[in-house]
Amino acid sequence: MKCELTEISKTGIQTYRLENDNGMVAEVITYGARISKLVYQGIDVVAGFDDPEGFRGDNPYFNAVIGRFANRIGNASFTLNGKEYPLYKNDGNNHLHGGKEGFDRKIWKATVVGNCSVRMDYVSCDGEEGYPGNLCVSVTYSLDNEDALCIRYRAVSDKDTVCSLTNHAYFNLSGTFDTALHHELTIRADQVTAIDNELIPHGEIVDIKGTALDFTIPKLIGKDIQNDDTLLKLGNGYDFNYIRNNDTEEPIATAFCADSGIAMDVYTDRPCVQLFTGNFLDGVRGKQVYGFRSAFCLETQGYPNACNVPSFPSCVLRAGEEFRSYTAYLFRKP
Ligand code: FUC
C-alpha cells in the first residue's frame with residue numbers, strides 16, 4: 001500500500017496517488033479535493049482529465065467535493081435563528097452545489113495521514129457564498145485492500161450554519177464512456193423527494209414503487225429513462241434524491257456493468273442519494289469525450305433544500321458541533 005505526492009501542475013495543483021496491494025489506484029487532486037482517476041482492474045471508472053489543470057475548465061463538478069451545501073437551496077436563501085441568509089444564485093433563481101465558487105473550485109491542503117490515506121483540508125470563511133460561520137472542513141480519502149475507496153467528511157463551524165457534503169463522481173464501469181444506460185442499478189429506496197419545475201424539493205415525499213423511478217429491483221438505467229413519468233420529464237432523465245430504506249450496513253446503491261463484470265457498492269451513513277444520469281453532459285473533452293448520459297452519479301447527501309423545509313431532517317450544524325459522515329465505493333467482480 002502506498003500514498004504519495006506524484007505531480008504538481010503548472011498552477012500548483014497537487015496530485016496524490018493511492019495504491020492498494022491489489023494494484024487498485026486512486027488519484028486525488030488538491031483542486032476541489034477531486035478524484036482524478038480511479039483504476040480498478042485496469043479500468044478507469046471516473047470521468048476527468050489527464051492534466052489536473054483540465055478540471056479548472058467547464059465541467060459539471062467532475063468528481064469534486066461539494067459544499068457547503070450539496071444540491072439545491074430554493075430561492076437561494078434560508079433563515080436560521082431568525083436571520084435570513086441570501087446566497088448566490090447560480091441555478092436560475094436557486095443556489096446549487098455551494099454557489100458561484102463552491103468547495104469544488106477551492107485549493108485544498110493535502111496531508112498524507114496513513115499508508116493509503118490522504119486528508120484534504122479547507123477553511124470556508126464566515127460569509128463565503130453567503131453562509132454564516134467559519135467552517136473547517138476535512139475530507140479523507142482512503143483506499144483499502146477490499147478495493148473500497150472510503151471518503152470521510154468532517155466539519156466544524158464557529159457559528160450555527162447549514163452543512164451537507166458529498167462527492168460528485170461521474171462513473172462508468174465499462175471502461176468507455178459511451179453510455180451509462182447499460183448499467184444495472186439497484187437503489188434501496190422506495191421514496192424520493194418530489195421536485196418542482198426548478199428541481200427544488202418542496203417537502204412532498206413520493207412513493208415510487210413500481211414506477212419508472214423504482215430501482216429496488218435491479219434494472220438497467222436505460223430501461224425506463226424515456227418513460228413519460230412526470231418527474232422523469234422534469235429531470236430530463238434521472239436527477240432525483242432517493243431516501244434510503246435500509247440501515248447503513250447494506251449499500252444504499254449498487255451498480256453493475258455486464259460488459260466489464262465490475263460491480264460498485266455505495267455504502268454511506270447519509271440518509272439519501274442523488275441519482276444523476278449525466279443529463280447535462282454535452283461532449284466535454286477530457287480523458288474521453290463525455291456526452292449526454294455517458295456517466296452516472298450517486299451523490300450521497302442529506303435532504304436537498306432541507307434548510308427551507310421544516311419537515312425534512314435538519315441540516316443545521318450548531319456552533320462547535322462536528323459534522324461527520326462517510327461514503328465508501330466498493331468495487332468487486334461478482
Ligand atoms: C447533480 C444534479 C443537478 C446538477 C448537477 C450537475 O447533482 O442534481 O441537477 O445538474 O448534478
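The values are calculated or read from the model by the stated rules, or taken from the named source; none is laboratory data. Only a predicted model underlies this, so the values are computations on that prediction, with no experimental measurement involved. Neighbour counts are summed over all protein chains in view; Cβ atoms, including those assigned to glycine, are modelled from backbone coordinates with ideal geometry. Surface accessibility is based on the protein's heavy atoms, side chains included, excluding ligands, DNA and RNA. Shrake-Rupley method; radii C 1.70, N 1.55, O 1.52, S 1.80 Å.
Rounded to two decimals, the Cα radius of gyration of the range 108-265 over 2.2 N^0.38 Å is 1.23.
Heavy-atom accessible surface of the chain, averaged per residue, reaches 38 Å², computed with a 1.4 Å probe. Compare GLY291, GLY102, GLY210 in a GNM of the chain, Cα atoms joined below 10 Å, and give the one with the largest fluctuation. Fluctuation is largest for GLY210. Of PHE292, PHE256, PHE103, the residue with the greatest mean-square motion in the GNM of the chain, using alpha carbon springs below 10 Å, is PHE292. With R₀ set to 22 Å, the beta-carbon distance separating ASN75 from ASP282 gives a calculated FRET efficiency near 0.20.
Summarising the overall dimensions of the range 1-66 from its C-alpha atoms, the Rg and Dmax are 11.6, 35 angstrom. Once backbone amide H atoms are built at 1.01 Å from N, LEU317 has THR161, VAL162, CYS163 as its partners under 5 Å, excluding neighbours fewer than 5 places away on the same chain.
Annotation: peptides 280-286, 316-322, 70-76, ranked by per-residue average of other Cβ atoms within 10 Å with the highest first, follow the order 70-76, 280-286, 316-322.
A Gaussian network model of the chain, with springs between Cα atoms under 10 Å, assigns the largest mean-square fluctuation among LYS83, LYS106, LYS223 to LYS83.
For the chain, what % of the accessible area comes from carbon and sulfur atoms, probe 1.4 Å?
Accessible surface attributable to carbon and sulfur in the chain totals 46 percent.
What fraction, in whole percent, of alpha-carbon pairs in the range 2-332 exceed 35 Å separation? Here the long-distance tail beyond 35 Å is 15 percent of all Cα pairs in the range 2-332. For the chain, the 222 nm mean residue ellipticity estimated from helices alone, with every DSSP H stretch of n ≥ 4 adding -39500 (n - 2.57) and the total spread over all residues, rounds to -500 deg cm²/dmol. Taking label points 7 Å from Cα along the Cα-to-Cβ direction, ARG152 and ASP21 give a separation of 2.0 nm.
Roughly how big is the chain's charge dipole about its Cα centre, with Cβ charges of +1 (Lys, Arg) and -1 (Asp, Glu), in debye to the nearest 20?
Here the size comes out at about 500 debye.
What does the net charge come to around GLU27 if you take all other residues with beta carbon closer than 13 Å to its beta carbon, with K and R at +1 and D and E at -1?
-1
Under 19 Å from a label point set 7 Å out along the Cα-to-Cβ vector of GLU204, the amide N atoms of the range 240-255 belong to 240-243.
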